[in-house]
Structures are given as C-alpha cells and as structure tokens.
1. Within the range 23-49, track down each residue that is under 14 Å from the mean Cα position of the chain (by Cα), open to solvent by 40 Å² or more (accessible area, probe 1.4 Å) and more than 10 Å from Leu71 (Cβ to Cβ).
2. Can you confirm whether Glu165 is out of contact with any Leu (no Cβ under 9 Å at 6 or more places or on another chain), modelled with pLDDT of 95 or more and closer than 21 Å to Lys83 by Cβ?
3. Looking only at residues in the range 194-208 that are assigned to a helix (DSSP H, G or I) and open to solvent by less than 50 Å² (accessible area, probe 1.4 Å), which one is farthest from Val114 (Cα to Cα)?
4. From the list Lys36, Lys44, Lys3, pick out the single residue that is of a type in the set (D, E, K, R), at pLDDT below 95 and touching a Lys or Arg at 6+ places or on another chain (Cβ under 9 Å).
5. Under the condition of being open to solvent by 40 Å² or more (accessible area, probe 1.4 Å) and of a type outside the set (Gly, Ala, Ser), which residue from the range 87-106 is nearest to Val157 (Cα to Cα)?
6. For Gly136, work out the one condition from (1) within 26 Å of Lys206 (Cβ to Cβ); (2) free of Cβ contacts under 8 Å to residues at least 12 places away in the same chain; (3) not hydrophobic (A, V, I, L, M, F, W, C) it doesn't fulfil.
7. Across the range 178-193, which residue is least open to solvent (accessible area, probe 1.4 Å) among those that are farther than 12 Å from Cys156 by Cβ and in a helix (DSSP H, G or I)?
8. Where residues in the range 65-80 are more than 19 Å from Cys146 (Cα to Cα) and among the polar types (S, T, N, Q), which of them is surrounded by the most Cβ atoms within 10 Å (Cβ to Cβ)?
Amino acid sequence: MIKLTKRPAPPQPITDENHYRSNPNFKALVDDCYGKCYICENDKATTLNVEHLVPHRGNDSLKYDWQNLFLSCGHCNNIKGDKYDNILDPTKLDPEEYISLSLTTNSFVENIIVCALSDDISTKQTVELLSHVYNGGTTDIKDIECTILRKEVTACVARFLKFVEGYRNEPNEDYDAIINKEISRDSAFAAFKRGIVRNDTDLFSKFSL
C-alpha cells in the first residue's frame, strides 16, 4: 500500500454502479491509483475492480462516495470484502509511516513480512489484510494466488537489487535515474523497494523518499 493523491471529485457525477465502473470515472480511478492495485501494488493484475475502502453494506452514501472508491485487483478485493472496515486511508496518511513490508526467502520459499509501526486499530487491520493478501491463509485458491503474487514481488525486488548493485559498483547518472524511477510511488510494489532504501544508510542519504 502506497500514499495516494486523489482528485476531490469524479470527472462525472456518480449515481449508480455504472457511473463509477465506466469511463471517465473508472479511468480516473486507474490514474489516481497509478494503474495498480492500491492494496498489493501489483500493476499487472488481469482483473480490476472498484474497491470500497470502507465497506458500504448497502449504504449508498458510502457506495457512491468518490473518496471511498479505489482501484483494486480481484485477489485483494475478494480477500478484503467487507471484513476490514477500518484500514489505513492512503489518501489521508502515508502507509509507509505505519507499516513496513519486506521480502525474505527461506528454503527457496518467499515470504512477505508485514510489520506494524503503530499500535492503532487501523494499522493492525491493514497489517492483517496485507498478511492475507501476500501470504494466504484464507482459502486454498487464495493461497495459490498469493504464491503467484509473491513471485511477482520477488522478481521485482530482485531486479531492483541488481540496479542497486550496479549503482554500488559504478555510481553514475544512469543508475541514479533508474533507482529514482523504481522507488517512485507509481512503480509496482514501490513500498518494498522504498523500504530497502530506507533501511540502507548509503541509499537513504542518496535517494529521496
């Protein structure tokens, strides 16, 4: 999950589901969420949904509230459902200040470590949600989807670490530009790469987050 800036109003008024599922409103959601799922940050999802940050449960004021609508992949939307009604709002705060994400490989099995940096309820709910999103534990099918997602994260992080290694071996403007692009908030799985930079004194002093 990454910090987002959402436009104050939709391009067109929303009065029913068709109005937020179709252009230009849906395209605006895609743009506002950098073309990736706002929960897992996957930018290659084949199924895209309009996700309600706060479950509407039939409440039209929440269902059609533009500030409550986000772009989500089907995997995350199905896991979140209406079970998590108080997660962090990435348009109002920076999730990186409340949660850290890291990748660890143990016996060739990738695991995502989701750590809370705060003890408030919204952070705890978001940590639980992200743990299920990346590591599974809800259904067998979701476990398979999580495995696929973790492989995407692993490949993305591995590629980033190669750029970091190149930068360390031969610092130059090309690597500077590549790394800055990789840690920008609009890149896939940016929170993982930004976490690597934040936890490395040399990188953190060089690259702005």
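The values are calculated or read from the model by the stated rules, or taken from the named source; none is laboratory data. If you're wondering where the values come from, they're calculated on a predicted model, not measured in any experiment. Neighbour counts run over all protein chains shown; Cβ positions are idealised from the backbone, glycine included. SASA here: full protein model, heavy atoms, side chains in, ligands and nucleic acids out. Shrake-Rupley method; radii C 1.70, N 1.55, O 1.52, S 1.80 Å.
1. Of everything in the range 23-49, those that are under 14 Å from the mean Cα position of the chain (by Cα), open to solvent by 40 Å² or more (accessible area, probe 1.4 Å) and more than 10 Å from Leu71 (Cβ to Cβ) turn out to be Asp43, Lys44.
2. Criteria not met by Glu165.
3. Leu203
4. Being of a type in the set (D, E, K, R), at pLDDT below 95 and touching a Lys or Arg at 6+ places or on another chain (Cβ under 9 Å) holds for just one of Lys36, Lys44, Lys3, which is Lys44.
5. Across the range 87-106, the extreme among qualifying residues is Leu103.
6. Unmet condition: (1).
7. Per the stated criteria, the residue is Ile179.
8. Asn68
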